[in-house]
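Below: one structure in structure tokens.
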Amino acid sequence: LLTFLGYFDGTGKPVAYCLRKKVRQQPPNFGYCTYTISCHNNDVCGQAIRLLSGIKYEGLVGVEFKLDARTGEYKLIEINPRAVNTISLATSAGVDLPLIGFNNLVSGTVPAQVKWESGVKWVWVASDFWAVRALLKSGDLKLSRWLRSVIEAKSHPLFAPDDLVPWLRFYRRFIAGLVRGRMSQAKR
């Protein structure tokens, strides 16, 4: 699964974009992205740009494509006319889509930004925890590989080095919930 993350100015012109590959999701076989990596694929970018330019799309967007193993072609899955949950990956890869959109609305024009770093990793540890639990149980993932993916991730939802409070509060509650769940299971 590949997702085109972009911002269009309303005249059909892509102002900024990048691409990501979904690696893990929750539930594991069909669900929300929990771990993704920035990548490049000219065919998918071209399809998304033709589609969105054709309808003169304006704003932030996430367009998902899935590889059809029978034909070797990427097929359109869905268009999300909003910032998707992995939008911070684009920023970490070098394309700050929300800021570009804001600047475009305020000033009317911004320079195109269509170059990004491949291989930037994004992980939502709280959701990924549940996906990984199932993948470990089925033998489809090793614990060391998962830990490496979390450590190597450059982008995390809620995380901002200049404002750690939301991230710390969220994970304090998440860990407390796990501990309470374990304690209630132990009492049974």
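The values are calculated or read from the model by the stated rules, or taken from the named source; none is laboratory data. Treat the numbers as computed from the prediction; the structure is a model and nothing was measured. Quick reminder, even Gly has a Cβ in these numbers, built from the backbone with ideal geometry, and neighbours come from all protein chains shown. In case anyone asks, the SASA skips ligands and DNA or RNA and just uses the protein heavy atoms, side chains included. Shrake-Rupley method; radii C 1.70, N 1.55, O 1.52, S 1.80 Å.
From the set of residues in segment 9-23 that are at pLDDT 95 or above and open to solvent by 20 Å² or more (accessible area, probe 1.4 Å), which is farthest from the chain's Cα centre (by Cα)?
Step by step, filter segment 9-23, then rank; the result is Tyr17.
Which residues, taken from segment 67-78, are over 15 Å from the mean Cα position of the chain (by Cα) and part of a strand (DSSP E or B)?
Leu67, Asp68, Glu73, Tyr74, Lys75, Leu76, Ile77
Inspect segment 79-86 for any residue being of a type in the set (Lys, Arg), open to solvent by 40 Å² or more (accessible area, probe 1.4 Å), modelled with pLDDT of 95 or more and under 16 Å from the mean Cα position of the chain (by Cα) and give the result as yes or no.
No, every residue in segment 79-86 fails to be of a type in the set (Lys, Arg), open to solvent by 40 Å² or more (accessible area, probe 1.4 Å), modelled with pLDDT of 95 or more and under 16 Å from the mean Cα position of the chain (by Cα).
Still on this model: Restricting to segment 24-34, name every residue that is surrounded by 15 or more Cβ atoms within 10 Å (Cβ to Cβ) and either modelled with pLDDT of 90 or more or not in a strand (DSSP E or B) (or both).
Within segment 24-34, Pro28 is the sole residue that qualifies.
If you go through segment 36-58 one residue at a time, how many are in a loop (DSSP other than H, G, I, E, B) and either surrounded by fewer than 16 Cβ atoms within 10 Å (Cβ to Cβ) or without any contact (Cβ under 8 Å) to a residue 40 or more places away in the chain (or both)?
4
Still on this structure, please answer the following. So is Ala90 buried (at least 18 other Cβ atoms within 10 Å of the Cβ), assigned to a helix (DSSP H, G or I), on the phi < 0 side of the Ramachandran plot and touching an Asp or Glu at 6+ places or on another chain (Cβ under 9 Å) or not?
Yes, satisfied.
For segment 115-164: of the residues being touching a Pro at 6+ places or on another chain (Cβ under 7 Å) and at pLDDT 80 or above, which is least open to solvent (accessible area, probe 1.4 Å)?
Ala131
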